[in-house]
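Please read the structure below before turning to the comments.
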């Protein structure tokens, strides 16, 4: 199935006569069959407007949607009528939700909007929400607040664009998010043996969930591969295109967890592990999400030790986000402000080191330079957490590659997704030993890969088949039960690693210092 | 696709474990695929109850419905749960509506119910209703009163049977009825060149029409072959099975119109003509529908001229229904009370002939023998109308056969459908020259063939394909434009015909007199 999941086809039909008494529907169906190569189906609302739209010119535009099996006529317009042709990609994150309004005619995202997941009111972390949802009426509550908020935000995103023009939804989220979204049982998701209610969701109508748009608009919910490998990751794979390549690539998605997939068109091996929060800036006292005022870049001159920062939106700094933390750790390391074992070296720059709540801290921004008049700092303990996280990430990558008998050199691309995916500086991530020391051009930032995957879905009706193939090819590797993980982790808890031969370029840089 | 459109399948599944973490849906889908030979799809409501029904036994019953392309899981029951498995066939006649509640497990109709079409309040005849419906809000009014009444009658028919057990609707009606039912544009139906909005309606959900039953229940509306050949007739063909036979048969449906189809598995030729009302008892002053008290059988001894009648329900007579009229005409003719040209012969039985409103009438039931204390009679003029109708019917049959180069001897079966289909005595119909003089065992009464067709649909999922093939094979012959019709009609306006050699058995009977 080539092309997007929505099509608009202009038809010019012969007028009926006593010699051609075909019903309006039959007349249109036969012509559409010629265009599509297969007969489309008709929704009731399309049938209801057809005779009116068809006459008197017998020229019209048919708007069709693909449900994975058939093309359905969703709407008809007069040939001279102009109405946007829209789809909506949704990344339903457990923290934030991102909407992508896709214009099928322009073939591009025309509006983007993000907002906080309203479930946060029921618990910051997913497990709290899952516990809460153990009772069906509470699960419905979580479901309803999600849908109500989503519907409101979609209406606001559409603004003055006619609801009728929105014909397709594609939504992804982790397995828990999908279950809350559909109001499916979640009790077995987080209890051994961790069973989702659904893996593959057959295409629904948006009205079944009460979402705005055309009354016949389709809704596709990305499938999952178990409780711990959700639709957001499958969307990420789809966005990366790694499942179509001959060469082997790795997809790295750092959210609350670190999720990693290695593979190509023939196989996909995935795993996940706790590596995330510190890398996202989440556990830092001065950490913040990637938003205006967040420090996203740090440079420290190894000689003069002069500090330069760059914030999102070039505003006065308010805190540090994920990419800023990685930069900071790398720059402190190269400048000798933190040693290989993660110990601060205050004697290199005494004026920047202070004691905070009984702990040694490095002050990145002094109080008079910040937006809030308070210093922005990291403590030695916090940096140790970051190092543990980066070590875990590196170890996950190592175990995953080893388990399929590959070395990092065999990997053609490293796709970097996640909330910091657009901003991470691969060179800095390599410097701290979070990512392997391979040529930098192998790192490909994907940004919000999950969200992009939903847009890819809208763009390419073949995604139905591709997602099915991805699910078939995908094996999940339980990282917790791998004994080599703990052995390998030890070496990765150094900067960049106990075995410097694994990081020749970093070693060279350190020598230059 | 063999078997009915609804199936219930008992599944026994392996329990999930850390080694088998398939989602509930995937576990069930894989097992159902084994049963069906193809993967089924899942409705949202089925997904919502699956985890609860599945646990703890991992035994359940899946209830599936076929939409013409796929099997859909509509519901799940625990393995020990017992719930009826029902479908509803509906014959939406322009005068009366008949409901057939079909039990898929017993494979039989368990309840039947009929009621007046509420559209009658907007006009006895269809054309009046069509005129009324020229404005969209009035068409909606007709649609809504139809659906509201239908929903109420279905609820009453179900009684205490759980709504959840009703999983499929199959409805047929003439083309106008289908359009009102779906609220489709009807303005072009009765204006040249007579174009329906729809011919083939893709399977809908009953909830889209607000009909009671399971929330995922399917709704199939029989297709039509143009404004004048509706889904009721296609249902009749389906019920007769003539479209599957090697031998050629004729299907005769006398409603308000006479509709006739000739053909077999390779071809079907249909036509329609005005032949009906008189044959249904509709235009007679003492005529009535086939209901308790209606005279359905008449016998007059040719020698003693003793009159015997039989009423429906053996109640005191109230009027004459269709089969009674045909019997009466035949018996009067054989007894010499009416001559070959349709003229009454009062001198044969003077006490039974009277003048009513200036016209000669034959009194079948005297005032003291009837239910209402009034005589039940037919006038000479009324009998002439009946003779015109029977002549038209015979002529339609003749033209239809001639147009495919067949004689009546080539027809293996004459299926007699229509509101009098169960009751008509073929021998009497042959005697008056309405049906051809062939061996009587070739006449097969079908009763309400349209209603039976909806039940056949529920019973046989292959009906989707059969209806498509019927539509492909069906040609419609415009009777009005056949010049031979008027020529042939003249001879058929005699009893039984001017050419007695066409009715050798009737001629023999007349000689015996």
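Laboratory data are not the source of any read-out in this text; all were calculated from the coordinates shown. In this text, all values refer to a predicted model and were calculated from it rather than measured experimentally. Neighbour counts are summed over all protein chains in view; Cβ atoms, including those assigned to glycine, are modelled from backbone coordinates with ideal geometry.
Quick notes
- With only Cα atoms counted, region B:376-431 has Rg and Dmax values of 13.7, 44 Å.
- Global form of region A:156-220, assessed from the alpha-carbon gyration tensor, a/c cut-off 1.5: prolate
- Between residue A:105 and residue A:354, the contour length at 0.36 nm per residue exceeds the Cα-Cα span by 83.9 nm.
- Shielding of peptide B:49-56 by partners, expressed as the average count of other chain Cβ atoms within 10 Å per residue Cβ, is 4.
- Cβ nearest the rotation axis (A onto B), residue from chain A and distance to the nearest whole Å: A:69, 3
- For the peptides B:258-267, A:30-39, A:284-293, residues were scored by their other Cβ atoms within 10 Å and the scores averaged per peptide; the highest-first order is B:258-267, A:284-293, A:30-39.
- Inter-centroid distance (Cα atoms) of region B:369-418 relative to region A:77-131, Å: 66 Å
- Peptides A:328-341, A:207-220, B:170-183 ranked from most to least packed, by the mean per-residue count of other Cβ atoms within 10 Å: B:170-183, A:328-341, A:207-220.
- Note on region B:147-194: along the principal axes its Cα atoms extend 48, 18, 13 Å, ordered by decreasing extent.
- Calculated mean residue ellipticity at 222 nm for the protein assembly as shown: -9500 deg cm²/dmol, from DSSP H runs with n ≥ 4 weighted as -39500 (n - 2.57), summed, divided by the residue count and rounded to 500.
- Relative to the longest principal axis of the Cα atoms of chain A, the long axis of helix A:322-334 makes an angle of roughly 30 degrees.
- FRET E, pair residue B:81, residue B:408, Förster distance 51 Å, beta-carbon r, rounded to 0.05: 0.40
- For chain A, the relative contact order works out to 14 percent when only alpha carbon pairs closer than 8 Å and six or more residues apart are counted.
- Stokes-Einstein diffusion of region B:177-288 at 4 °C, 1.567 mPa s viscosity, Kirkwood radius from Cα pairs, rounded to a whole number: 80 µm²/s.
- The Rg/Rh ratio for chain B is 1.05, where Rg is the radius of gyration of the alpha carbons and Rh is the Kirkwood radius.
- Area projected by the alpha carbon convex hull of region A:22-157, averaged over all directions, nm²: 11.0 nm²
- Tensor-based shape of region B:413-513 (alpha-carbon gyration tensor, a/c under 1.5 rounded, otherwise prolate or oblate): oblate
- Among beta bridges that DSSP assigns inside region A:144-266, antiparallel share in %, nearest 5: 65 percent
- Proportion of all alpha-carbon pairs of region B:344-503 beyond 22 Å (%): 59 percent
- Spread over its residues, the convex hull of the C-alpha atoms of region B:67-124 is 132 Å³ per residue.
- With respect to chain A, whose longest principal axis is taken over its alpha-carbon atoms, helix A:449-459 is tilted by about 20°.
- For residue A:313, inter-copy separations between label points set 7 Å beyond Cα along the Cβ vector come to 8.1 nm, shortest first.
- Taking all pairs of distinct alpha-carbon atoms in region B:1-65, Kirkwood radius in angstrom: 12.4 Å
- Extension gain (nm, one decimal) between residue B:315 and residue B:163, 0.36 nm per residue minus Cα-Cα: 51.1 nm
- Compared with the dominant Cα axis of chain A, that is its longest principal axis, helix A:24-36 is turned about 40°.
- Value of Rg/Rh across the protein assembly as shown [Cα atoms, Kirkwood radius]: 1.15
- Per the Cα gyration tensor, region B:293-348 maps to an equivalent ellipsoid with semi-axes of 22, 12, 8 Å, ordered largest to smallest.
- Shortest-first nm distances, residue A:374 label point to equivalent points in other copies (7 Å, Cα→Cβ): 9.7
- Working ranking of peptides A:426-439, A:499-512, A:397-410 by packing, defined as the average number of other Cβ atoms within 10 Å per residue, highest first, is A:426-439, A:397-410, A:499-512.
- Of the Cα atoms belonging to region A:232-389, the radius of gyration and Dmax stand at 18.0, 56 Å.
- Working from Cα pairs under 8 Å separated by at least six residues, relative contact order for region A:176-237 is 28 percent.
- Modelled label reach - residue B:264, point 7 Å along Cα→Cβ, region B:219-243 residues with backbone N closer than 19 Å: B:237-243
- Taking every alpha-carbon pair under 8 Å whose residues sit at least 6 apart, region B:355-492 reaches a relative contact order of 22 percent.
- Cα gyration tensor, region B:124-253 - rounded (a/c under 1.5), prolate or oblate: oblate
- Computed lengthening from residue B:299 to residue B:20, 0.36 nm per intervening residue step minus Cα-Cα distance: 92.8 nm
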